[in-house]
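The values are calculated or read from the model by the stated rules, or taken from the named source; none is laboratory data. Worth saying up front: this structure is predicted, and the values here are computed from it rather than measured. Glycine gets a Cβ as well: all are built from the backbone with ideal geometry, and neighbour counts include every protein chain shown.
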Amino acid sequence: MAFLFEKLIVYQKSVDFADRALALTEGFPRGYGFLADQLNRAAVSIAANMAEGNGRFTKPDRKHFFCIARGSIQECVPLLDLARRRDLLGRDVQGRRWVYATESGGVVIIKAGTRRL
């Protein structure tokens, strides 16, 4: 691990979440590309914004990117709800659990935004 943010558990969980979202959306049927694309972008954005925020030098800059990451977490909720309503998620997939697990870590990151991580 070359960067400090890679040691953060919330960063690691967000990368896991994005990986699972990418794998999930590979199975979406034709006609749902828009939903797969939006979910993939939102999921990848979580880890990307945490990484970018950690590279910033001022507290307000770091906090800004951490807040964007948290917004991306929340963006995933309705997308997963829609996918579930359309029966696009397997029965074994608990989409909301992923989001809430990541969000609980995201809240810690945002509150810690005043410290150098």
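Summary table below
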| quantity | calculated |
| --- | --- |
| Any hit, segment 29-41, residues being touching a Phe, Trp or Tyr at 6+ places or on another chain (Cβ under 8 Å) and either in a helix (DSSP H, G or I) or surrounded by fewer than 14 Cβ atoms within 10 Å (Cβ to Cβ) (or both) | yes |
| Given (1) surrounded by fewer than 21 Cβ atoms within 10 Å (Cβ to Cβ); (2) free of Cβ contacts under 8 Å to residues at least 60 places away in the same chain, number of the condition Leu4 does not satisfy | (2) |
| Within segment 71-83, tally of residues that are closer than 25 Å to Lys7 by Cβ and crowded, with 20+ Cβ neighbours inside 10 Å | 3 |
| Selected residue (only one of Arg62, Arg30, Arg70 is among the basic types (Lys, Arg) and farther than 15 Å from Val10 by Cβ) | Arg30 |
| Among the residues listed as Asn49, Asn54, the single one being within 24 Å of Glu6 (Cα to Cα), touching a Phe, Trp or Tyr at 6+ places or on another chain (Cβ under 6 Å) and at pLDDT below 90 | Asn54 |
| Among (1) surrounded by fewer than 17 Cβ atoms within 10 Å (Cβ to Cβ); (2) touching a helix residue (DSSP H, G or I) at 6+ places or on another chain (Cβ under 7 Å); (3) outside any helix (DSSP H, G or I); (4) touching a residue at least 24 places away in the same chain (Cβ under 8 Å) - the single one Arg20 does not satisfy | (3) |
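Residues checked against (1) among the hydroxyl-bearing types (Ser, Thr, Tyr); (2) in contact with a Leu (Cβ under 6 Å, 6 or more places away or on another chain); (3) at pLDDT 90 or above:
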site: Asp19; (1), (2), (3): no, no, yes
site: Gly31; (1), (2), (3): no, no, yes
site: Leu35; (1), (2), (3): no, no, yes
site: His64; (1), (2), (3): no, no, yes
site: Gly90; (1), (2), (3): no, no, no
site: Gly95; (1), (2), (3): no, yes, no
